[in-house]
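What follows is a single structure, written as structure tokens, with notes after it.
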Amino acid sequence: MGTKTLEQIESQFETFQILNEEGEIVNKDAAPDLSDEELKELMSRMVYTRILDQRSISLNRQGRLGFYAPTAGQEASQLGSQYALDKEDWILPGYRDVPQIIWHGLPLYQAFLFSRGHFHGNQFPEGVNALSPQIIIGAQIIQTAGIALGLKKRGKKAVAITYTGDGGASQGDFYEGMNFAGAFSAPAIFVVQNNRFAISTPVEKQSAAKTIAQKAVAAGIHGIQVDGMDVLAVYTATKEARERAINGEGPTLIETLTYRYGPHTMAGDDPTRYRSEELDNEWEKKDPLVRFRKYLEAKGLWSEEEESKVVEKAKEEIKEAIKKADQTPKQKVTDLMSMMFEELPQNLQEQMEEYKAKESK
């Protein structure tokens with residue numbers, strides 16, 4: 001009886017897709033009502049973000065950036081979901097989710113400062129509804145439940161959305177956050193970007209569940225598995241989840257099936273040690289940019305010339321942003337002390353004087 005029930009539940013979580021690998025619409029009824037300009041904007045953002053990733057890897061290797069988690073391959077999952085949001089919505093990113101908060105309003109030079117560990121990288125401008133990227137795996141899921149409940153109690157027509165990877169779905173915070181949000185019918189969207197490897201651990205070793213999406217059942221909330229290389233499917237699933245949330249129908253768990261083409265982070269990870277060449281090649285064919293490009297070209301909305309303009313714009317803006325980051329005054333130890341404490345304890349008062357003397361030389 002138990003096995004039958006489990007199989008019945010698992011069979012309900014088929015992968016939602018709108019565009020196939022050839023860029024053809026395979027689910028016409030679900031296709032979003034986006035204008036030609038909106039479709040082009042979405043493609044522009046994906047191309048820009050791919051260039052940003054390439055330049056960030058290069059800057060990291062030059063020692064000009066600090067911590068960096070590559071994003072190539074996950075653009076449809078990241079930007080398709082962010083594009084479905086309103087400015088009033090809150091984003092609680094993981095460390096790979098810097099693109100979403102940049103497109104939500106965070107200036108690019110501050111994203112670079114965040115990577116360098118500079119405090120100004122975490123001082124988000126007024127009106128940018130986002131928290132700093134969370135380094136602790138899954139901690140942002142609990143925070144999302146709290147922010148979503150706060151939005152509900154204040155009568156805001158807005159949602160809180162968070163992102164983690166398949167490894168994050170193994171954390172206790174993942175279940176606690178979803179359960180809490182479900183119990184209070186809070187307007188939250190939990191996105192698990194299943195890129196198949198939590199650093200080096202395959203998703204099959206993370207859980208006996210056939211999908212991560214089905215974990216929504218235990219929390220009593222909506223769950224959907226989406227082709228994370230299909231930007232239109234991700235956009236549609238997020239848009240629908242947002243509508244349900246602001247209409248009081250509770251949270252949604254979205255599992256996006258995606259892939260990171262680079263290492264887990266630039267801090268020494270070597271994906272060739274745990275990923276086969278065959279698997280890499282299989283997912284290369286699913287590249288979200290190639291798929292969406294084919295779709296737009298068939299509609300006469302995209303060209304090499306159009307893409308070149310976006311590439312040049314991205315390179316120019318990245319160059320300016322890193323220059324601005326370089327010009328930002330370096331963070332000092334005394335800055336850290338004064339920001340951490342309203343009144344310094346005795347031992348830190350002594351250290352403050354020591355560092356002030358050092359820094360004035």
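The residues of the range 54-79 that are surrounded by 22 or more Cβ atoms within 10 Å (Cβ to Cβ) and either out of contact with any helix residue (DSSP H, G or I) (no Cβ under 6 Å at 6 or more places or on another chain) or under 16 Å from Asp227 (Cα atoms) (or both), listed by number, are Ser56, Ala69, Gly73, Gln74, Glu75, Ala76, Ser77, Gln78, Leu79.
The set of residues in the range 156-188 that are in a loop (DSSP other than H, G, I, E, B) and over 23 Å from Asn129 (Cβ atoms) comprises Asp166, Gly167, Gln171. Of the residues Gly94, Gly73, the single one that is under 22 Å from Thr236 (Cβ atoms) and at pLDDT 95 or above is Gly73. Checking Phe112, Phe124 one by one, the residue that is buried (at least 18 other Cβ atoms within 10 Å of the Cβ), part of a loop (DSSP other than H, G, I, E, B) and among the aromatic types (Phe, Trp, Tyr) is Phe124 and no other. Filtered by the rule that a residue be without any contact (Cβ under 8 Å) to a residue 60 or more places away in the chain and surrounded by fewer than 23 Cβ atoms within 10 Å (Cβ to Cβ), the range 217-258 gives Ala218, Ala219, Gly220, His222, Glu240, Glu243, Arg244, Asn247. Test Leu92 against the stated conditions and say whether it is in contact with a strand residue (DSSP E or B) (Cβ under 6 Å, 6 or more places away or on another chain) and touching a residue at least 60 places away in the same chain (Cβ under 8 Å). Yes. Being touching a Lys or Arg at 6+ places or on another chain (Cβ under 6 Å), of a type in the set (A, V, I, L, M) and in a loop (DSSP other than H, G, I, E, B), is that true of even one residue in the range 27-50? No, the range 27-50 contains no residue that is touching a Lys or Arg at 6+ places or on another chain (Cβ under 6 Å), of a type in the set (A, V, I, L, M) and in a loop (DSSP other than H, G, I, E, B).
The values are calculated or read from the model by the stated rules, or taken from the named source; none is laboratory data. Keep in mind the model is a prediction, meaning the values are calculated, not measured. A quick note on method: Cβ atoms are made from the backbone with ideal geometry, for glycine too, and the neighbour counts reach across all protein chains shown.
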